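Data first, discussion second: the structure below is written as structure tokens.
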Amino acid sequence: MKIPGPPPLDGLRSRIFRYRQEHPAGGKSDFVRETYCLSRPDARAKAREWFDEFPKAAYWTEVESWRQIEGDRIEFTMRRLPSAD
């Protein structure tokens with residue numbers, strides 16, 4: 001008995017292509033984002049500043065991504081909603 005191969009991907013390819021045509025990349029996001037590259041203590045202070053100014057419960061504030069780079073520096077992106085309607 002022969003095992004069938006994977007299904008053809010033509011339908012999926014056309015759906016992805018159609019979606020990308022209807023929703024171009026770089027579309028408007030509902031979030032405000034800012035990226036920083038600071039020393040570890042300054043990064044903590046900046047994140048705390050965001051959480052104090054834009055409370056998580058109202059603005060969905062969060063550290064979206066972060067990474068440690070050379071010299072004990074932290075590159076991170078803060079994200080929040082534009083308003084707390």
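Observations on the structure shown:
- Residue that is nearest to Y36 (Cα to Cα), among those in the stretch 48-85 that are at pLDDT 95 or above, of a type in the set (A, V, I, L, M) and out of contact with any Leu (no Cβ under 8 Å at 6 or more places or on another chain): M78
- If the condition is being out of contact with any strand residue (DSSP E or B) (no Cβ under 6 Å at 6 or more places or on another chain) and surrounded by 11 or more Cβ atoms within 10 Å (Cβ to Cβ), then the stretch 54-63 contributes P55, K56, A58, W60.
- Given (1) open to solvent by 100 Å² or more (accessible area, probe 1.4 Å); (2) free of Cβ contacts under 8 Å to residues at least 24 places away in the same chain, number of the condition H23 does not satisfy: (1)
- Neighbours by Cβ (under 6 Å, 6+ apart or cross-chain): first from the stretch 35-53, surrounded by fewer than 13 Cβ atoms within 10 Å (Cβ to Cβ) and in a helix (DSSP H, G or I); second modelled with pLDDT of 95 or more and among the aliphatic types (A, V, I, L, M): R40/I74
The values are calculated or read from the model by the stated rules, or taken from the named source; none is laboratory data. Fair warning: this is a prediction, and the values are worked out from it, not measured in the lab. Please note: Cβ atoms are built from the backbone with ideal geometry, for glycine as well, and neighbour counts cover all protein chains shown. Quick note on the areas: whole protein, heavy atoms, side chains included, nothing else; ligands and nucleic acids left out. Shrake-Rupley method; radii C 1.70, N 1.55, O 1.52, S 1.80 Å.
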